[in-house]
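Structure first, then comments.
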Amino acid sequence: MKIATPETWYQTQHLGNGITWIYEPFIKEYYRCNIWHVRGRDRDLLIDSGMGVVSLREQIAQLAERPILAVASHTHFDHIGTHHEFADRAVHPAEADILAQPTRANTAADYYVADDSIFTALPPGDWHALKYEVKAAPAQTLLEEGSIVDTGDRSFEVFHLPGHSDGSIALYERATETLFSGDVIYDGELAYDADNAAEMRQYVASMKRLLDLPVRVVHGGHYPSFGQERMRSIAQDFLATFDR
Ligand SMILES: [Zn+2]
Ligand SMILES: [Zn+2]
(Lines give C-alpha, C1' and ligand atoms only; values in the text may rest on other atoms or scores of the structure.)
(Ligands and ions follow the chains in the order given, each with its own letter.)
Protein backbone atom coordinates (compact mmCIF):
# COMPACT_ATOMS: atom_id res chain seq x y z
CA MET A 1 0.00 0.00 0.00
CA LYS A 2 1.10 3.54 -0.77
CA ILE A 3 2.40 5.59 2.20
CA ALA A 4 0.86 9.02 2.72
CA THR A 5 2.79 12.18 3.62
CA PRO A 6 2.05 14.19 6.78
CA GLU A 7 1.12 17.17 4.57
CA THR A 8 -1.64 15.23 2.81
CA TRP A 9 -2.99 13.31 5.82
CA TYR A 10 -5.67 15.89 6.65
CA GLN A 11 -8.01 17.78 4.37
CA THR A 12 -10.13 20.74 5.38
CA GLN A 13 -13.27 22.38 4.09
CA HIS A 14 -14.80 25.62 5.37
CA LEU A 15 -18.55 25.19 5.76
CA GLY A 16 -19.55 28.73 6.77
CA ASN A 17 -20.87 29.81 10.19
CA GLY A 18 -17.26 29.65 11.44
CA ILE A 19 -17.17 25.88 11.08
CA THR A 20 -14.34 23.96 9.42
CA TRP A 21 -14.60 20.27 8.61
CA ILE A 22 -11.31 18.41 8.89
CA TYR A 23 -10.96 14.77 7.89
CA GLU A 24 -8.44 12.04 7.11
CA PRO A 25 -8.91 11.12 3.43
CA PHE A 26 -6.74 7.97 3.54
CA ILE A 27 -8.99 6.30 6.09
CA LYS A 28 -11.95 4.47 4.52
CA GLU A 29 -15.20 6.36 4.95
CA TYR A 30 -16.86 4.09 7.52
CA TYR A 31 -13.86 4.47 9.88
CA ARG A 32 -13.06 8.10 9.09
CA CYS A 33 -13.92 10.49 11.90
CA ASN A 34 -15.14 14.01 11.22
CA ILE A 35 -13.11 16.62 13.09
CA TRP A 36 -14.96 19.90 13.64
CA HIS A 37 -13.31 23.26 14.29
CA VAL A 38 -15.57 26.07 15.45
CA ARG A 39 -14.26 29.63 15.48
CA GLY A 40 -15.25 31.60 18.60
CA ARG A 41 -14.47 35.10 19.84
CA ASP A 42 -12.47 34.20 22.95
CA ARG A 43 -11.58 30.65 22.09
CA ASP A 44 -12.20 28.06 19.42
CA LEU A 45 -13.63 24.58 19.80
CA LEU A 46 -12.29 21.36 18.38
CA ILE A 47 -14.90 18.62 18.45
CA ASP A 48 -13.08 15.29 18.11
CA SER A 49 -9.53 15.02 16.85
CA GLY A 50 -8.98 12.07 14.50
CA MET A 51 -7.00 8.87 15.11
CA GLY A 52 -3.75 10.65 15.88
CA VAL A 53 -1.33 9.05 13.42
CA VAL A 54 -0.18 12.51 12.18
CA SER A 55 0.06 15.67 14.30
CA LEU A 56 -3.10 17.70 13.79
CA ARG A 57 -1.67 20.87 15.35
CA GLU A 58 1.38 20.82 13.08
CA GLN A 59 -0.61 20.26 9.90
CA ILE A 60 -3.58 22.57 10.46
CA ALA A 61 -2.24 26.06 11.11
CA GLN A 62 -5.52 27.51 12.36
CA LEU A 63 -5.44 25.11 15.33
CA ALA A 64 -2.20 26.51 16.73
CA GLU A 65 -3.11 30.20 16.53
CA ARG A 66 -5.67 30.68 19.29
CA PRO A 67 -6.89 29.23 22.61
CA ILE A 68 -8.84 26.07 21.90
CA LEU A 69 -10.97 23.63 23.85
CA ALA A 70 -10.71 20.07 22.55
CA VAL A 71 -14.01 18.28 23.23
CA ALA A 72 -14.39 14.51 22.93
CA SER A 73 -17.85 13.49 21.69
CA HIS A 74 -16.79 10.12 23.15
CA THR A 75 -13.52 8.22 23.49
CA HIS A 76 -13.31 5.75 20.62
CA PHE A 77 -9.79 5.93 19.17
CA ASP A 78 -10.86 7.59 15.93
CA HIS A 79 -12.21 10.63 17.84
CA ILE A 80 -9.48 11.35 20.42
CA GLY A 81 -6.14 10.59 18.76
CA THR A 82 -4.72 14.13 18.91
CA HIS A 83 -6.43 15.41 22.07
CA HIS A 84 -3.03 15.25 23.79
CA GLU A 85 -1.81 18.07 21.50
CA PHE A 86 -4.29 20.53 23.04
CA ALA A 87 -3.89 21.84 26.58
CA ASP A 88 -7.61 22.27 27.35
CA ARG A 89 -9.71 19.14 27.03
CA ALA A 90 -13.27 18.18 27.87
CA VAL A 91 -15.18 14.89 28.03
CA HIS A 92 -18.23 13.38 29.72
CA PRO A 93 -17.45 11.96 33.21
CA ALA A 94 -18.46 8.44 32.11
CA GLU A 95 -15.45 8.35 29.75
CA ALA A 96 -12.99 10.61 31.60
CA ASP A 97 -10.95 7.59 32.73
CA ILE A 98 -10.56 6.40 29.15
CA LEU A 99 -9.27 9.78 27.93
CA ALA A 100 -6.82 9.82 30.86
CA GLN A 101 -5.73 6.19 30.42
CA PRO A 102 -6.53 5.02 26.92
CA THR A 103 -5.70 1.46 25.90
CA ARG A 104 -6.21 -0.43 22.66
CA ALA A 105 -9.08 -2.24 24.35
CA ASN A 106 -11.00 0.65 25.93
CA THR A 107 -10.79 2.87 22.81
CA ALA A 108 -11.91 0.04 20.44
CA ALA A 109 -8.57 0.21 18.58
CA ASP A 110 -8.05 -3.51 19.31
CA TYR A 111 -11.09 -4.31 17.23
CA TYR A 112 -10.70 -1.82 14.35
CA VAL A 113 -6.93 -1.42 14.02
CA ALA A 114 -5.77 -5.03 14.02
CA ASP A 115 -4.35 -4.63 10.51
CA ASP A 116 -4.12 -2.00 7.74
CA SER A 117 -7.54 -2.64 6.21
CA ILE A 118 -9.09 0.67 7.34
CA PHE A 119 -6.63 2.63 5.16
CA THR A 120 -6.28 3.40 1.44
CA ALA A 121 -2.77 4.76 2.10
CA LEU A 122 -0.69 4.03 5.19
CA PRO A 123 0.16 6.66 7.80
CA PRO A 124 3.66 8.12 7.36
CA GLY A 125 6.54 7.19 9.66
CA ASP A 126 7.03 3.99 11.59
CA TRP A 127 3.53 2.60 11.24
CA HIS A 128 2.55 -0.78 12.72
CA ALA A 129 -1.16 -1.42 13.22
CA LEU A 130 -0.70 -3.56 16.34
CA LYS A 131 1.52 -0.93 18.00
CA TYR A 132 -1.01 1.83 17.40
CA GLU A 133 -2.49 3.36 20.53
CA VAL A 134 -3.91 6.70 21.61
CA LYS A 135 -1.84 8.95 23.89
CA ALA A 136 -3.22 9.92 27.31
CA ALA A 137 -4.99 13.29 27.43
CA PRO A 138 -6.70 13.79 30.82
CA ALA A 139 -9.51 16.33 30.70
CA GLN A 140 -9.68 19.45 32.86
CA THR A 141 -13.36 19.97 32.13
CA LEU A 142 -16.17 17.46 32.55
CA LEU A 143 -19.25 18.01 30.40
CA GLU A 144 -22.55 16.62 31.60
CA GLU A 145 -26.16 16.88 30.50
CA GLY A 146 -27.02 20.59 30.59
CA SER A 147 -23.42 21.88 30.69
CA ILE A 148 -22.74 24.92 28.51
CA VAL A 149 -19.66 25.22 26.30
CA ASP A 150 -19.01 28.90 25.65
CA THR A 151 -16.65 30.57 23.22
CA GLY A 152 -17.45 34.15 24.26
CA ASP A 153 -19.87 34.76 21.43
CA ARG A 154 -21.33 31.29 20.88
CA SER A 155 -22.96 28.92 23.29
CA PHE A 156 -23.39 25.16 22.98
CA GLU A 157 -25.62 23.03 25.21
CA VAL A 158 -24.38 19.57 26.10
CA PHE A 159 -26.75 16.63 25.65
CA HIS A 160 -25.76 13.33 27.23
CA LEU A 161 -26.90 10.72 24.69
CA PRO A 162 -25.59 7.29 25.74
CA GLY A 163 -26.07 4.14 23.67
CA HIS A 164 -23.22 4.17 21.15
CA SER A 165 -21.01 4.58 24.22
CA ASP A 166 -21.64 5.42 27.90
CA GLY A 167 -20.31 8.97 27.68
CA SER A 168 -21.50 10.00 24.23
CA ILE A 169 -22.38 13.68 24.11
CA ALA A 170 -23.73 16.06 21.48
CA LEU A 171 -23.23 19.84 21.35
CA TYR A 172 -26.19 21.97 20.31
CA GLU A 173 -26.06 25.63 19.32
CA ARG A 174 -29.66 26.74 19.73
CA ALA A 175 -29.13 30.12 18.04
CA THR A 176 -28.21 28.46 14.73
CA GLU A 177 -29.90 25.08 15.34
CA THR A 178 -26.58 23.37 14.70
CA LEU A 179 -25.98 19.95 16.25
CA PHE A 180 -22.62 18.23 16.60
CA SER A 181 -23.81 14.70 17.25
CA GLY A 182 -20.69 12.52 17.50
CA ASP A 183 -21.50 8.88 16.80
CA VAL A 184 -25.02 9.05 18.25
CA ILE A 185 -26.46 9.87 14.84
CA TYR A 186 -24.85 10.22 11.44
CA ASP A 187 -25.85 9.50 7.85
CA GLY A 188 -24.33 6.03 7.52
CA GLU A 189 -24.30 2.62 9.18
CA LEU A 190 -24.62 3.29 12.93
CA ALA A 191 -22.54 1.26 15.40
CA TYR A 192 -24.05 -0.37 18.47
CA ASP A 193 -24.09 -3.64 20.36
CA ALA A 194 -27.55 -5.01 19.58
CA ASP A 195 -27.00 -7.85 22.10
CA ASN A 196 -26.60 -5.42 24.99
CA ALA A 197 -30.18 -4.74 26.10
CA ALA A 198 -29.25 -2.02 28.61
CA GLU A 199 -27.20 -0.10 26.05
CA MET A 200 -29.92 -0.43 23.42
CA ARG A 201 -32.52 0.98 25.85
CA GLN A 202 -30.24 3.98 26.36
CA TYR A 203 -29.71 4.37 22.64
CA VAL A 204 -33.49 4.30 22.04
CA ALA A 205 -33.99 7.03 24.64
CA SER A 206 -31.23 9.11 23.03
CA MET A 207 -32.78 8.76 19.56
CA LYS A 208 -36.20 9.76 20.91
CA ARG A 209 -34.71 12.99 22.25
CA LEU A 210 -33.35 13.83 18.81
CA LEU A 211 -36.67 13.25 17.03
CA ASP A 212 -38.18 16.55 18.12
CA LEU A 213 -35.05 18.68 18.24
CA PRO A 214 -35.15 21.61 15.81
CA VAL A 215 -32.03 21.41 13.66
CA ARG A 216 -30.88 23.21 10.55
CA VAL A 217 -27.76 21.08 10.21
CA VAL A 218 -26.29 18.02 11.92
CA HIS A 219 -22.52 17.55 11.84
CA GLY A 220 -22.00 13.92 12.83
CA GLY A 221 -18.99 11.87 13.80
CA HIS A 222 -18.82 10.17 10.39
CA TYR A 223 -20.18 10.73 6.85
CA PRO A 224 -21.50 14.00 5.36
CA SER A 225 -23.65 16.50 7.27
CA PHE A 226 -27.43 16.54 6.90
CA GLY A 227 -30.60 18.39 7.87
CA GLN A 228 -33.77 18.01 9.94
CA GLU A 229 -35.67 15.69 7.62
CA ARG A 230 -32.80 13.25 7.26
CA MET A 231 -32.16 13.28 11.01
CA ARG A 232 -35.79 12.38 11.70
CA SER A 233 -35.77 9.59 9.16
CA ILE A 234 -32.53 8.07 10.51
CA ALA A 235 -33.93 8.24 14.06
CA GLN A 236 -37.29 6.80 12.99
CA ASP A 237 -35.63 3.90 11.15
CA PHE A 238 -33.57 3.14 14.25
CA LEU A 239 -36.61 3.31 16.53
CA ALA A 240 -38.70 1.15 14.20
CA THR A 241 -36.10 -1.60 14.67
CA PHE A 242 -35.19 -1.22 18.34
CA ASP A 243 -38.05 0.56 20.19
CA ARG A 244 -40.05 -2.52 21.10
ZN1 LIG B 1 -17.61 5.75 18.26
ZN1 LIG C 1 -16.51 6.99 15.34
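The values are calculated or read from the model by the stated rules, or taken from the named source; none is laboratory data. Just so it is clear, the structure is predicted and the values come from calculations on it, not from any experiment. Here the Cβ is made from the backbone with ideal geometry for all residues, glycine too, and neighbour counts use every protein chain on show. Side chains are part of the model used for accessible areas, which takes the heavy atoms of the whole protein and leaves out ligands, DNA and RNA. Shrake-Rupley method; radii C 1.70, N 1.55, O 1.52, S 1.80 Å.
Points to keep in mind about this one:
- Förster radius 22 Å - calculated FRET efficiency between LYS135 and TYR31, Cβ distance, rounded to 0.05: 0.70
- DSSP assigns beta bridges within the stretch 92-244; of those with both partners inside it, close to 75 percent run antiparallel.
- Virtual spin-label span in nm between LEU15 and ALA240, 7 Å along Cα→Cβ: 2.6 nm
- Amide H contacts for HIS219 (H built 1.01 Å from N in the peptide plane; partners 5 or more residues away or on another chain; cut-off under 5 Å): LEU179, PHE180, SER181.
- Note: relative contact order over the chain, using C-alpha pairs below 8 Å and six or more positions apart, is 16 percent.
- Cα-based shape type of the stretch 15-149, given that a ≥ b ≥ c are square roots of the gyration tensor eigenvalues and the cut on a/c is 1.5: oblate
- Residues in the stretch 92-119 reached by a label modelled at ARG43 [backbone nitrogen below 18 Å; 7 Å Cα→Cβ]: 92-93, 96, 100
- Only lysines eight or more places from LYS2 in sequence, or on another chain, were considered; those with a Cα closer than 16 Å are LYS28.
- Apportionment of accessible area to carbon and sulfur, the stretch 6-242, percent (1.4 Å): 47 percent
- Comparing ALA170, ALA194, ALA87 in a Gaussian network model of the chain where C-alpha atoms under 10 Å apart are linked, the largest mean-square fluctuation is found at ALA194.
- Computed from backbone phi, the HN-Hα couplings of the stretch 40-52 come to x, 6, 9, 7, 9, 10, 10, 9, 6, 9, x, 8, x Hz, rounded to whole numbers (Karplus: 6.51 cos²θ - 1.76 cosθ + 1.60, θ = phi - 60°; Gly and Pro given as x).
- Mean-position separation - Cα centroids, the stretch 228-244 and the stretch 1-39, in angstrom: 28 Å
- The HN-Hα couplings worked out from phi for the stretch 175-180 by the Karplus form 6.51 cos²θ - 1.76 cosθ + 1.60 (θ = phi - 60°) are 4, 10, 6, 9, 10, 9 Hz, whole numbers, x standing for Gly and Pro.
- Cα-derived Rg to Rh of the chain, Kirkwood definition: 0.94
- Evaluating 6.51 cos²θ - 1.76 cosθ + 1.60 at θ = phi - 60° for every residue in the stretch 7-17, the Karplus couplings come out as 5, 9, 5, 10, 10, 10, 9, 7, 9, x, 6 Hz, glycine and proline recorded as x.
- Over the stretch 1-84, Cα pairs under 8 Å with separation of 6+ residues give a relative contact order of 25 percent.
- For the chain, built as a Gaussian network whose Cα springs stay under 10 Å, the top-fluctuating residue of LYS28, LYS131, LYS208: LYS131
- Full-stretch length increase - LEU122, TYR223 - with 0.36 nm per residue and alpha-carbon distance subtracted: 34.3 nm
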